[in-house]
1. Straight-line reach from LYS68: which lysines fall under 21 Å, measuring Cα to Cα and dropping same-chain residues less than 8 apart?
2. Any idea what angle helix 375-386 forms with the longest principal axis of the chain, computed on alpha-carbon atoms, 0 to 90 degrees, nearest 10?
3. For segment 1-43 and segment 82-153, what is the separation of their Cα centres, given in Å?
4. Please report, for the Cα atoms of segment 316-369, the Rg to one decimal and the Dmax as a whole number; what are they, in angstrom?
5. Distance cut-off 25 Å, Cα to Cα: go down the list LYS140/LYS319; LYS39/LYS262; LYS178/LYS315; LYS148/LYS277 and report the pairs above it.
6. Between Rg and the Kirkwood Rh of the chain, both from Cα atoms, what is the Rg to Rh ratio?
7. How do HIS32, HIS305, HIS186 rank when sorted from fewest to most other Cβ atoms within 10 Å of their own Cβ?
8. Quick one: which residues, 5+ away or cross-chain, put their amide H under 5 Å from the amide H of PHE112? H built at 1.01 Å from N.
Amino acid sequence: MKIAPIDPDKASDINWDFIMIGAGMGGSSIGHALSSAGKKILFCDSGFINRNEETLSGKYSEEFFSSKSKINKRNVLKKSGRYFNYIVDKTSSASSFVPFIGSGGGGSSALFGMAMERFFPQDFDSWPVSYEEMVPYYEKVEAQFRGKGEKDPFLPVYSLLPGPQLSPPNKEIFEFLKNQGFRPYHLPMACEYVRNCSECSGYICPLDKNCKNDAFKIYLSPAIENFGASYLQSCTVLELMTENDLVTSANCVVDGKSFYLKASNWIIAAGALETPKLLLKSKSKHFLNGLANSSQLVGTNLMRHLVDLYTLKTKAEIKKSYLVKQIAISDLIFKGNKQLGILQSFGKAVAPESVLEEILSPCPFFIRKLLSVFDLIILNIIKYFVTGQRNFGFT
Ligand SMILES: Cc1cc2nc3c(=O)[nH]c(=O)nc-3n(C[C@H](O)[C@H](O)[C@H](O)COP(=O)(O)OP(=O)(O)OC[C@H]3O[C@@H](n4cnc5c(N)ncnc54)[C@H](O)[C@@H]3O)c2cc1C
């Protein structure tokens, strides 16, 4: 994408029809729809919205770290589309950590594993909309993201583009699961499977392959290139300012410089972690508990996505070129009274460096310091467990 970002001074002179705070899946999809309907749109995001030769892609950020300094890690995370601020979970004894979510053009979808699943009709039981009402939207998004694979056998009938053939180790696992009485299916994926596709998950797909159908590719780039939307990158919205009961402006910062943006309408799509934070910080005479918080529930009940990872050994030889992320089973999701999770191929092995970061980051400082002496030994142990195996996540 060659179009340049707008200058903060210029952006603050314009009264925008809509400002999208966050250019992830939520902000990009709404911004795409609004800009294609002729609205004057500004996307602003704390990360880099555009992708260029500086973008770090094709492997986990942790594999690009060149030192243990926080500055180096922060720069690398930002250039690879990852959230780059340390946060403290005050509900546990954990020390500060950087959540594994996205930041920048495409948001978390830039890192996403491309699985394109639908919710089950039962999931909508206590929602104000039903599965049937959602079907046209599912169909639209599946067509836009070119989802490929098979539908879950427990869902009502719908069709997708065919997925690529199962690789020999996956065929073996598929047959094994069937013989155990499960109903495995070909996991639907928003992937183009170009030559040598490595099913990038956890990081941005290399620009020369560009085969991950994420929000950057499907919504954000077309909104900017085809429909004239503008973007402001490295721009963090600190607080929304209100007059009476309307949001009129936003206090923002780019490279340490503070300024205000104005718009008639605001879409706050900063993700599940940052959206409530922004609402809570935006207090005024009319909104003593923060914006949209008359229930006082904003910022509570935030859950971390639980993933239980299993590695499997197959009789079939595992070749580097084989596709990995191809199978799912949901037989266990509604098991009697218990609601368990979905088993889904996780994709290529997680980089040992990422596993080490995950293990170390919640540890108190002195334990981290102590364990860092044994970094290489621990890395080799992790490598032994994750290299050359099939990975299944239980999510
Ligand atoms: C590693 C990974 C794998 C995943 N795999 C899958 C999958 O296979 N299938 C699936 O369906 N889902 C998957 N998900 C989940 C999915 O990607 C997310 O649910 C979805 O992208 C969330 O979209 P969002 O717009 O709500 O937030 P995000 O995409 O997180 O976007 C929020 C954006 O807001 C910006 N922002 C935050 N605060 C501010 C601020 N104050 N000012 C300005 N900008 C701000 C952030 O920088 C970010 O770019 C995965 C997620 C991750 C992290």
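None of the figures in this text is laboratory data; all of them are computed from the coordinates on show. Bear in mind the structure is a predicted one, so any value in this text is a computation, not a measurement. Cβ coordinates were reconstructed from backbone atoms using ideal geometry, including for glycine residues, and neighbour counts include every protein chain displayed.
1. LYS59, LYS78, LYS79, LYS369, LYS383
2. In the chain, helix 375-386 runs at an angle near 60 degrees to the longest axis.
3. Centre-to-centre distance over Cα atoms comes out at 22 Å.
4. For segment 316-369, the Cα-based Rg and Dmax read 17.3, 46 Å.
5. Check vs 25 Å cut-off fails for LYS140/LYS319; LYS148/LYS277.
6. Across the chain, the Cα-based Rg/Rh ratio is 0.97.
7. By the 10 Å Cβ count, ascending, the order reads HIS305, HIS186, HIS32.
8. HN-HN under 5 Å from PHE112: GLY202.
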